[in-house]
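The values are calculated or read from the model by the stated rules, or taken from the named source; none is laboratory data. Just so it is clear, the model here is predicted, and its values are computed rather than measured. Every residue, glycine as well, gets a Cβ built from its backbone with ideal geometry; the counts of neighbours run over all protein chains shown.
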Amino acid sequence: MTHIGRSFGGPGHIEATCPCDLAPCGLVDAGNVSDECDQHPTTAGKTMRTGHAAEDCPEMGRDVVVALAKVLRARQAIVDAACEEPEGFHSLALLDAIDDYGRAVSHLNAERIRNSKRLRDYTDDHMSDCNEAADEIDPEVIA
């Protein structure tokens, strides 16, 4: 079997929000596409933009995709609550504010890692590993 995805560059928001079971890499197992999915079945007529053979699966990235799905659902819940109707007007300022909130949360978590006394005491000479992890969470700080 193969693992397929509609997002460029690997699993992304399309896979994160679809009802298909995800492979360990975060892509969809082509042999296990959900009947409710409107993105991955061949009958949907959509292009697959990434994929690999199951035996070549890197088996990482699924947790990131699952976390992305949670973020997208939370973001949509905020938008729905802020709209007068569930399919009402979406303010661009509201979307920007939500994205700013997400970046602020990422920055807060990265700073907690960078400034953790417990991590510093525990890791001693490996604090650079923790800082590199924080930089992955919050890349704008190093830019």
* Structure fact -> Among residues of the range 1-10 being within 16 Å of A53 (Cβ to Cβ) and under 15 Å from the mean Cα position of the chain (by Cα), the residue modelled with the highest pLDDT is G5
* Among H40, H3, H52, which is the only one that is touching a residue at least 12 places away in the same chain (Cβ under 8 Å), surrounded by 16 or more Cβ atoms within 10 Å (Cβ to Cβ) and assigned to a loop (DSSP other than H, G, I, E, B)? -> H40
* **Single residue of the range 23-36 satisfying the filter (of a type in the set (A, V, I, L, M) and within 14 Å of T50 (Cα to Cα)) that is farthest from the chain's Cα centre (by Cα)** => A30
* Residues T42, T50: which one is within 25 Å of I137 (Cα to Cα), at pLDDT 85 or above and hydroxyl-bearing (S, T, Y)? -> T50
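Any residue at all in the range 61-69 that's over 17 Å from the mean Cα position of the chain (by Cα) and at pLDDT below 75?
Within the range 61-69, none of the residues are over 17 Å from the mean Cα position of the chain (by Cα) and at pLDDT below 75.
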* Residues within the range 94-118 that are at pLDDT below 75 and either touching a Lys or Arg at 6+ places or on another chain (Cβ under 9 Å) or on the phi > 0 side of the Ramachandran plot (or both), tallied -> 0
* Among the numbered criteria (1) surrounded by 14 or more Cβ atoms within 10 Å (Cβ to Cβ); (2) among the small types (G, A, S); (3) assigned to a helix (DSSP H, G or I), which single criterion is violated by G31? -> (1)
* Asked: R75 fails exactly one of the following numbered conditions: (1) in contact (Cβ under 8 Å) with a residue 40 or more places away in the chain; (2) surrounded by 13 or more Cβ atoms within 10 Å (Cβ to Cβ); (3) not aromatic (F, W, Y). What is the number of that condition?
  -> (1)
* Structure fact -> Apart from one, (1) over 21 Å from the mean Cα position of the chain (by Cα); (2) modelled with pLDDT of 80 or more all hold for D121; the odd one out is (2)
* **the range 75-91, subset modelled with pLDDT of 75 or more and of a type in the set (D, E, K, R), residue nearest to R103 (Cα to Cα)** => R75
* Across the range 33-59, what is the total count of residues that are within 17 Å of F8 (Cβ to Cβ) and polar (S, T, N, Q)? -> 3
